[in-house]
Amino acid sequence: MSTTQPTAGVAGAARSAGRDAAIATALQRWFGFDALRPMQREAIDCALDRRDALVVMPTGGGKSLCYQLPALVQDRLVVVVSPLIALMQDQVAGLRLLGVPAAAVHANLSAKERDDMRAMADDGSLRLLFVSPERLFFDGFANWLAARDVAAFAIDEAHCISQWGHDFRPEYRRLAELRERFPDVPFQAFTATATPRVREDIVAQLRLREPTVLVGTFDRPELTYRVLPRQDLEGQVTAAIRRHPDAASIVYCISRKDTESLADALRQRGIEARAYHAGLAAGERSKLSSDFRAERLHVIVATVAFGMGIDRSDVRLVVHAGMPKSLEAYQQETGRAGRDGLPAECLLLYSAGDAVKWRSLMERSAAEGEGDADALRAQLALLADMQRFAGGVRCRHKLISAYFGQDYDEPSCGACDVCLDELEEVPDSQILAQKILSAVVRTGQRFGSSHVIDVLRGSRGERVLQRGHDQLPTFGVCKGMPAGLLGNYVDQLVDAGLLVRSDGEYPTLSLGPDALAVLRGTTKAVLRMPKQALAARGKRKRDDSGRGRRSTEATDLSAGQQGLFDALRALRRELARELGVPPYVVFHDSTLADMAQAAPRDAAELAQVRGVGATKVAKFGERFLATIRAHGGAAADD
Ligand code: ADP
Ligand code: ZN
């Protein structure tokens, strides 16, 4: 296998033509895909050329193929380090269904599973081996591995190695030892984290050697982003879920308590929702996630504890009931929607108080000795970026792209509340902006937004009275206006540079450079709020068509195809139950939708459907074909 050293000139070109063919064949044969995404090809080339690499791709970008395909193209073993057992088990189940010999090694392994794994490794058939970081250094495992023919190491969720990231795991630190232990094996680190600091840390900590750094596109055009001021949490969440009946939805809350109360409230409104958080017993948690994956449960109200292992691909809605603590977290959590590539909605219900809550949580845990002052500063900076995103009224796709260091040239994304024209100018914006700016001036530009808002709303709280702020001319000029809404306007003024929010533990507001012109009336300030029609609009659409919006309606299935699609989904559920795997492992929604549209008549036609590989055709192609025939095939009603 030493011929895989990079070569140049004619030999290189010849090898590359051979490689193209080998990759195309493996891709079609095992996965049923026609083409690699561009970044995938570059990552795979690194592995085949035995170069180290850092691959940064958003959730859903297709990282797993980057380490799976080199194993299949070379007929060799790739070892994947992965942080979560659930994640590994799903991957192993999925690969085995594709016919790929795969196994996992972790603390909960049965003796039989271990023996199977060893047997496959010994006879050379094992292609993908998933290992938890702890297990690598346990019980002579690394020695055992050193005696095998390892083609590459893939380090999944590599940001877990950095304390600058949002998911630091100390056990990842020892992975550096692997690099010394296996000097001739290429290492490939995978992450979806944005900040340059984390990326540099990954390279340094893993001791990657002159790694090729590949950064994928972070924009997810199929996701529609909306940010609404949180006014009536339960009503807003209910309306959002009703826009996607029968589809999977995840609602993220900041605290465990919130998940419980919101799930209760949703159930009272007739939505079968369950709360999920790290405080539940392990058994209950795993039952909930397996119910969700098996499509027995569609609405989960969760803390961030829910997610990493859950790649159900047909999630159509992700709601944030509170603001997440960084744009990385937001991107990752919203990234769980639409993984099948079909349109999905991401709704953030935001109140400026969320940032205050996070700040105090972060300070508390810093005071309790988790991380140092630098780490706290790093977290507060990530939080400030998130708040700018939530409070601003500029194209969401553009802002996310910019945050991840990428240009976004479209004049309108067509998939965010701003570009979809769902916001309107608040009547008397100018006067309202002047009131807010003036309250900031009158209180001496020394207070945070909650105090300024108290003054505007005419609160007779102790802090206001003590300072005599009830005597100010701006006291009570916004009486009756919800604090959350005012907080939102403050954010917009910050976003527009008319107010400046200081850094640090107790951010205060002061005037920005153009604020005086607004106060004098020579410059116009515009404040926006969502048109109230949004929730109602979703409802009206449903009533017009006389039936509920389907999770897949965006694929433009005709009524007959929709019926077939539903039948194919039912068959998938049945197969998943028989095989003891999550349904998406059998086929993704997008594959079933294509299948319903194409209505293949035989195995050869079935194999043409995107996402259908040879092994699946052989294993259960006949049952899908039978269902299609039972539905009258392509003749359906279109
Ligand atoms: P990540 O690990 O980056 O979050 P995955 O590896 O789970 O993403 O891939 C996301 C989805 O994209 C999966 O459903 C996968 O089957 C699909 N996918 C990946 N690569 C391709 C490709 N080249 N063509 C079509 N679908 C792909
Ligand atoms: Zn937009």
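Short-range pairs are left out: with C-alpha atoms under 8 Å and at least six residues apart, the relative contact order of region 223-341 is 33 percent. Between residue 155 and 81, 188, 189, 190, the built amide H atoms are under 5 Å apart, and every one of these is 5 or more places off in sequence or on another chain. The helix-only estimate of mean residue ellipticity at 222 nm for the chain, built from DSSP H runs of length n ≥ 4 each weighted as -39500 (n - 2.57), is -14000 deg cm²/dmol after division by the residue total. The string of couplings for region 267-272 from the Karplus curve (6.51, -1.76, 1.60, θ = phi - 60°) is 4, 5, 8, x, 10, 6 Hz, one whole number per residue in order, with x for Gly and Pro.
Electrostatic tally near residue 577: other residues with Cβ closer than 14 Å to its Cβ, Lys and Arg +1, Asp and Glu -1, net +2.
At q = 0.09 Å⁻¹, what base-10 log of I(q)/I(0) does the Debye formula yield for the chain when every alpha carbon is treated as an equal point scatterer in vacuo? Each listed q maps to, in turn, -0.81. With an 8 Å Cα cut-off and a minimum separation of 6 or more residues, compute the relative contact order for the chain in percent. It rounds to 14 percent for the chain. Rounded to the nearest whole Hz, the Karplus-based 3J(HN,Hα) values (6.51 cos²θ - 1.76 cosθ + 1.60, θ = phi - 60°) of region 564-571 follow the sequence 5, 4, 4, 5, 5, 5, 5, 4, with x at glycine and proline. Only Cα pairs under 8 Å and 6+ residues apart enter the sum, and on that basis the relative contact order of region 70-195 stands at 30 percent.
Distance between the C-alpha centres of region 441-465 and region 234-297: 37 Å, rounded to the whole angstrom.
Diffusion coefficient of region 35-149 by Stokes-Einstein, Kirkwood radius over Cα pairs, 20 °C, 1.002 mPa s: 145 µm²/s. With N denoting the number of residues in region 423-470, provide Rg(C-alpha) divided by 2.2 N^0.38 Å, to two decimal places. Normalised Cα radius of gyration, region 423-470: 1.24. Applying D = kT/(6 pi eta Rh) to region 158-265, where Rh is the Kirkwood radius over alpha-carbon pairs, T corresponds to 25 °C and eta to 0.890 mPa s, the Stokes-Einstein value obtained is 138 µm²/s.
The angle between the Cα long axis of helix 111-122 and the main principal axis of the chain comes to about 60°, on a 0 to 90 degree scale.
Here residue 479 is the anchor, and the lysines within straight C-alpha reach of less than 18 Å, apart from those fewer than 8 places off in the same chain, are 435. Here the Karplus relation 6.51 cos²θ - 1.76 cosθ + 1.60, evaluated at θ = phi - 60°, turns the backbone of region 325-340 into coupling constants of 8, 7, 5, 4, 4, 4, 4, 5, 6, 5, x, 6, 8, x, 5, 7 Hz, with x for every Gly and Pro. Under a model in which nothing but the beta-carbon of Lys, Arg (+1) and Asp, Glu (-1) is charged, the chain shows a dipole of about 1000 debye around its Cα centre.
Here's how it looks for residue 273: its modeled amide H is under 5 Å from those of 267, which are all 5 or more places away or on a different chain. In the chain, with Lys and Arg counted as +1 and Asp and Glu as -1 at Cβ, which of these residues, 289, 276, 632, has the Cα nearest the positive end of the dipole, that is, farthest along it? Result: 276. What whole-number distance in Å separates the alpha-carbon centres of region 17-44 and region 570-638? Using only Cα atoms to place each centre, the spacing works out to 23 Å.
Simple rule: put +1 on each Lys or Arg Cβ and -1 on each Asp or Glu Cβ in the chain, find the dipole, and look at 608, 459, 235; the Cα lying farthest toward the positive end is 459.
Dipole magnitude for region 200-264: computed about the Cα centre from +1 point charges on Lys and Arg Cβ and -1 point charges on Asp and Glu Cβ, it is near 40 debye.
None of the figures in this text is laboratory data; all of them are computed from the coordinates on show. These numbers come from a predicted model, not from an experiment. Note that each Cβ is placed from the backbone with ideal geometry, even for glycine, and that neighbours are counted across all protein chains shown.
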